[in-house]
Every structure is written in structure tokens, then in C-alpha cells.
Amino acid sequence: MAIMTPNEYLESLEKVKPKVYIHGELAEDLLKHPLLAPSLNSMKLTYAVSHRPEWQAKSTLLDGEPISLWTHPYFTKDDMMNKINLERMLGRMTGSCFQRCVGMDMISAMWSATYDVDQAKGTEYHKRFKEWLKQAQANDWAVAGAMSDVKGDRGKRPNQQQDPDMFVHVVDRNKDGIVVRGAKAHITGAALMHELFVVPTQTMRPAEEDYAVSFCVPNNAEGVIHILGRVPSDTRRLESELMDTGNIDYGAGAHETLIIFDDVFVPWERVFLCGETEHSLDAVWRFASYHRENGCKAGVFDTLVGATALAAEYNGLAQTGHIKDKLSDMLIQTEAIYACSIAAAALGREHPSGVCLSNPIYTSCMKNIGSKWVYEMVNNAHDICGGLLVTMPSEKDLRHPEVGKYVEKYLKGVAEVDTEDRMKIFRYIENLTMGPIQVEICVGAGPSQAERMVIRNVVPIEEYKELARKLAKIKND
Ligand SMILES: Cc1cc2nc3c(=O)[nH]c(=O)nc-3n(C[C@H](O)[C@H](O)[C@H](O)COP(=O)(O)OP(=O)(O)OC[C@H]3O[C@@H](n4cnc5c(N)ncnc54)[C@H](O)[C@@H]3O)c2cc1C
């Protein structure tokens, strides 16, 4: 069963039963919890689309058996382009985060990172990783990518923190495996995954060996506890009417959890880095690079531009010059972001381990301009919609026997469009632009400073200076 159906995914998850706290309570049935419903719908969709041949690959580990792209390493540039296009499509279908790209990027990053440690140190991480991946492919596991540590005092290194658990680290080891302690923050989709894939959050240095650790554990491993993050307006989903959630099926984004690793035992066969500080960089930067080229942003932006264009139409201003210009700006920004993603894949390079690495210049550009333009796009969307976006009465008022008729009458835009439809599109935009998605686009896969550091290291600025010297006829500077 290398590709599960959505129902098989649900059945498989029932066996995992991770320990998840939601708003102060231990959740009894994750599959029925209203706050996880949008995430679950997106996850099911990722399984459903994987049954289309164009979103499948042939496993190199399972004798060519068809598998979904979610567990297929990027062996070629086309593999990377496929993932970008799959993500754009799912961004369009959900208008939200569909959660599986993190694990997918982690798999490709660790394919090459484990290979490099083994080459340098004679370890057997790559072999172990491939064995784990074989199981992930055979069982079509959903995998959470857990990189971000809680980090405590950002001005201090992991081994200088007052509390040593601010970064996930090894607290014990024996012949069977290691014991890890710490917490990973903001982990997307984590409550609904089969496996948690952990890598260091940053490059580790000598004396930080215990923090240079990568491993996988099943989501129900002893000592793993999730605490669900809150997002604005999340409790609207607990109301009887759901129109005010804006995106009833897929929500404002995925869910994220704070994952506690309370002395979790990891057998050696699931450990993929343990103490080799000089190799932590490979895991960190390769994952970040893949994750910065993702196509979901363009897909979600497509829905934002579409919704904003509809809002303008419903307001009777579809042909107004400045509104058409603002919509054009949004379209250009979306396509420019997508172009950077595609460039990152097309100009990637082959790694001796067999995977393709994405081009760090264009992944940095994509992430960096995306993180700024998202606010410009949101600004244009808000400007075009007007204040009703945040002052509109609720669905309950619309349906109310007394005041419903007033809401219906006074919130009408153009005569041909129902008030309810106008309210729905405003709610969609409210939900998309005032929830977690912009922050995710801004800081997910690392803060903007990280991309600046990468581009400064990769682009040959000294050569560019030389070009300028020649053109300006500077002889000795
Ligand atoms: C919706 C969402 C989903 C996410 N999903 C995932 C996921 O699935 N998996 C995962 O691993 N992570 C995930 N992340 C985490 C994301 O990668 C981090 O938020 C990001 O790396 C920034 O880390 P931080 O939030 O701790 O902010 P910080 O690291 O605290 O950054 C805040 C600011 O401080 C600056 N700063 C921090 N430390 C230093 C320093 N030492 N020197 C100078 N400046 C510094 C940064 O540049 C930035 O400007 C997600 C985040 C969000 C918002």
C-alpha cells in the first residue's frame, strides 16, 4: 500500500493517537476535533491528489513501486519543479497551508546530509536514513519537519543557555539508542502526522555535540507531547454557523504545535546525526533552501488576487483604474515569486548522493521578496475591500429574524450580487490576511536575515566590484 487513500490515512492515524493538548485540554479524538478539521481536510487532499499519476514517482527504494511525491527525494530538477507545481496547485485548492511540504523538504535535505557525514566520518547514517525512508514510502507516512527550537535567550549559544533544554539535545545514550530532551516550536501539521523528523535549528559548534542531533520518532513515542498553537478567531470554528471562518473547508492556515520531547528514547536505527557538529550546517541550510523555494505561496496568492478582484466587482469598482493597477501589482508579485521558485529548481545542482540541491540564490530571493510582498499584497487587498473587512456583522446577524433584513439590505454592493456572497468574499479575505499565513510567509523557513546571509555568501560580490572597477576605469583602489 504505497499510496493511501484519504480514508486509509484516517484509519492509519487512529492507530497513532498522539498526545495533543488543545486549549488546555487533552484531546480525546483528534479526527473529530473542530479546531483540527481544516488541517485534516488539507491532509486528506494531499492523499487524494497523490492518486493522480502526474503527482506520483517511482520509488528507488521499493523496486520502482509508485509512491506519492511527499516521500520522494528530489533526484532531478524536474522532481523539484514537480513539487513546486504540486504545491501551487494545492495552494490554489485550499487557499491555505496543506502541511506536508516540510517533511518532504526534510527528506531530500537529509538524503544528501547523511551521505556527506558518512563520506567524511565513516558513519552509517545514510544507510539508516534510507531504511527509515523505505518504511516511510511503503506506509505512505505523513512526516512533520521539526527544526525550530524554542531557543530561549537568542543572544546566547545553545550550550550557554541558563536552561540547557532550550535546544533539543541528547541527555543520555547507551548501546540501544539515545534519549533526547527539549521542545520544537511552531511545527506545522504535527498533530496529524505519523512521524516527527527532527533536525538541529542552527549550525552547531564544538562543545555543542549533544545539540547536533537528528532523528525520527513515531508521533506517539513515549514522552512526546503536543500543545496546539492559537490563531486569531480560531473559536469561530466552534460556532454553529461557519461562514465567519471565511474558508470553511481549509481554514486560515494549518495548525502548529509546540512539541515537547520529555526524555524520548530514540533507537540508533532512527538517529541520523549525533555529535558531528560540523555537519549540522548541511542539514540546516539544505532544508531551509528547499523550503524557501516552495510553490504554495504563489498558489495561495492566486486565491487572494481572485478574492480581491471579486470584492472589487461586488463593490462596483471592477473597472476603476487604480484598482486594476493594484490587482496587476498583485499578479506581478505572485508570478515573480513563482519565477524565483522555478529558477531555484532549474538552476539547482546535482549532489554526489544522487539528489538535486536547489539554487540558494533564487530560494533566498523567493523567500525574501515573498516575505515583504505579502504585506504589500495584503495592503492592496485591504485598500480595495474597505473597512467592512473588519466591521462586518456576523453570520448570526445575517440569519437573525429581526435584524437579518437590515444586514441583507445595508451590506448590499452591486445589485446583481447577493449580500451573502459579498459577505463571504470579505470573510475569505479577512481570514486569509489576518491569520497566521502572512507571518508564516514572513518567518517560515527562517527570518529574512538568514536569506541575506546566504546570498552574501553565495553571490560573487568581489567579481561584481571588479566589473565596476573596469567600467569606471579605476586602476588602484
Ligand atoms: C505558521 C508557521 C509555521 C511554521 N512551521 C514550521 C515547521 O513546520 N517546522 C519548523 O521547524 N519550523 C516552523 N516554523 C518556524 C519558523 O521557521 C521560525 O518561526 C523562524 O525560523 C524564526 O524563528 P523564531 O520564530 O524563533 O524567531 P526568532 O529566531 O526569535 O527571530 C526573530 C527575530 O530575531 C532575529 N534573531 C534571532 N536570533 C538572532 C541572533 N542570534 N542574532 C541576531 N538576530 C537574531 C531574527 O533574525 C528575527 O529578526 C513555522 C513558523 C510559523 C510562523
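The values are calculated or read from the model by the stated rules, or taken from the named source; none is laboratory data. The model shown is predicted, which means the values in this text are computed figures rather than measured ones. Virtual Cβ from ideal backbone geometry, glycine too; neighbours counted across all protein chains shown.
Would you call ALA191 surrounded by 20 or more Cβ atoms within 10 Å (Cβ to Cβ), in contact (Cβ under 8 Å) with a residue 12 or more places away in the chain, in a helix (DSSP H, G or I) and within 15 Å of the ligand (Cβ to nearest atom)? Quick ask: steps written out before the conclusion?
Values: surrounded by 20 or more Cβ atoms within 10 Å (Cβ to Cβ): yes; in contact (Cβ under 8 Å) with a residue 12 or more places away in the chain: yes; in a helix (DSSP H, G or I): yes; within 15 Å of the ligand (Cβ to nearest atom): yes.
Yes: the conditions hold for ALA191.
Suppose we filter VAL213, VAL264, VAL271 for residues that are under 25 Å from LEU26 (Cβ atoms) and either in contact (Cβ under 8 Å) with a residue 40 or more places away in the chain or not aliphatic (A, V, I, L, M) (or both); which single one remains?
Details: VAL213 fails: under 25 Å from LEU26 (Cβ atoms); VAL271 fails: under 25 Å from LEU26 (Cβ atoms).
From the options VAL213, VAL264, VAL271, the qualifying one is VAL264.
Report the residue count in the stretch 429-477 for those that are among the basic types (Lys, Arg) and within 20 Å of MET366 (Cβ to Cβ).
2
Give me the residue from the stretch 440-466 that is of a type outside the set (D, E, K, R) and surrounded by fewer than 10 Cβ atoms within 10 Å (Cβ to Cβ) and, out of that set, farthest from the ligand (Cβ to nearest atom).
PRO460
Given HIS279, HIS322, HIS351, which one is in the same structural domain as ASP105 (by TED's automatic domain parsing) and either buried (at least 16 other Cβ atoms within 10 Å of the Cβ) or of a type outside the set (Asp, Glu) (or both)?
Among HIS279, HIS322, HIS351, only HIS279 is in the same structural domain as ASP105 (by TED's automatic domain parsing) and either buried (at least 16 other Cβ atoms within 10 Å of the Cβ) or of a type outside the set (Asp, Glu) (or both).
Here is a check on your reading of the model: is LYS151 out of contact with any helix residue (DSSP H, G or I) (no Cβ under 9 Å at 6 or more places or on another chain) and either at pLDDT 95 or above or not assigned by TED's automatic domain parsing to the domain that holds ASP262 (or both)?
For LYS151, the condition - out of contact with any helix residue (DSSP H, G or I) (no Cβ under 9 Å at 6 or more places or on another chain) and either at pLDDT 95 or above or not assigned by TED's automatic domain parsing to the domain that holds ASP262 (or both) - is not met.
Could you list all residues from the stretch 102-128 that are of a type in the set (Gly, Ala, Ser) and either closer than 21 Å to TRP70 by Cβ or within 16 Å of the ligand (Cβ to nearest atom) (or both)?
In the first step, residues of the stretch 102-128 are kept if they are of a type in the set (Gly, Ala, Ser); the result is 103, 108-109, 112-113, 120, 122.
Scanning the stretch 102-128 gives GLY103, SER108, ALA109, SER112, ALA113.
Mind listing whichever residues of the stretch 130-157 are within 11 Å of the ligand (Cβ to nearest atom) and either under 20 Å from the mean Cα position of the chain (by Cα) or touching a residue at least 24 places away in the same chain (Cβ under 8 Å) (or both)?
Our first condition is that a residue be within 11 Å of the ligand (Cβ to nearest atom); within the stretch 130-157, this holds for 143-157.
Of everything in the stretch 130-157, those that are within 11 Å of the ligand (Cβ to nearest atom) and either under 20 Å from the mean Cα position of the chain (by Cα) or touching a residue at least 24 places away in the same chain (Cβ under 8 Å) (or both) turn out to be VAL143, ALA144, GLY145, ALA146, MET147, SER148, ASP149, VAL150, LYS151, ARG157.
Scan the stretch 1-19 and report the pairs whose first residue is more than 27 Å from VAL264 (Cβ to Cβ) and whose second residue is of a type in the set (Lys, Arg), with Cβ atoms within less than 6 Å and a gap of 6+ or a chain change.
PRO6/LYS44
Among the candidates THR257, THR235, single out the residue that is farther than 16 Å from ASP172 by Cα and either basic (Lys, Arg) or surrounded by fewer than 21 Cβ atoms within 10 Å (Cβ to Cβ) (or both).
That would be THR235, the only listed residue that is farther than 16 Å from ASP172 by Cα and either basic (Lys, Arg) or surrounded by fewer than 21 Cβ atoms within 10 Å (Cβ to Cβ) (or both).
State yes or no: is ARG399 assigned by TED's automatic domain parsing to the domain that holds ALA339, more than 16 Å from the ligand (Cβ to nearest atom), surrounded by 13 or more Cβ atoms within 10 Å (Cβ to Cβ) and under 30 Å from VAL102 (Cβ atoms)?
Taking the combined requirement at face value, the residue does not satisfy it.
Looking at (1) in a helix (DSSP H, G or I); (2) of a type outside the set (Val, Ile, Thr); (3) under 16 Å from GLU208 (Cα atoms), which is the one condition that is false for LYS156?
LYS156 satisfies all of (1) in a helix (DSSP H, G or I); (2) of a type outside the set (Val, Ile, Thr); (3) under 16 Å from GLU208 (Cα atoms) except (1).
All but one of (1) assigned to a strand (DSSP E or B); (2) over 25 Å from SER108 (Cα atoms) hold for GLN162; which doesn't?
In the conditions (1) assigned to a strand (DSSP E or B); (2) over 25 Å from SER108 (Cα atoms), GLN162 misses (1) alone.
Let me confirm something: among ARG92, ARG100, ARG88, which residue is modelled with pLDDT of 95 or more, charged (D, E, K, R) and more than 24 Å from LEU10 (Cα to Cα)? Explain how you work it out, then say what you get.
Values: ARG92 fails: more than 24 Å from LEU10 (Cα to Cα); ARG100 fails: more than 24 Å from LEU10 (Cα to Cα).
That would be ARG88, the only listed residue that is modelled with pLDDT of 95 or more, charged (D, E, K, R) and more than 24 Å from LEU10 (Cα to Cα).
Within the stretch 252-260, identify whether any single residue is of a type in the set (D, E, K, R) and touching a Ser or Thr at 6+ places or on another chain (Cβ under 7 Å), and answer yes or no.
Checking the stretch 252-260: at least one residue is of a type in the set (D, E, K, R) and touching a Ser or Thr at 6+ places or on another chain (Cβ under 7 Å).
Which one of the conditions (1) within 27 Å of THR188 (Cβ to Cβ); (2) touching a helix residue (DSSP H, G or I) at 6+ places or on another chain (Cβ under 7 Å); (3) free of Cβ contacts under 8 Å to residues at least 60 places away in the same chain does VAL439 fail to meet, given that it meets all the rest?
Of the numbered conditions (1) within 27 Å of THR188 (Cβ to Cβ); (2) touching a helix residue (DSSP H, G or I) at 6+ places or on another chain (Cβ under 7 Å); (3) free of Cβ contacts under 8 Å to residues at least 60 places away in the same chain, the odd one out for VAL439 is (2).
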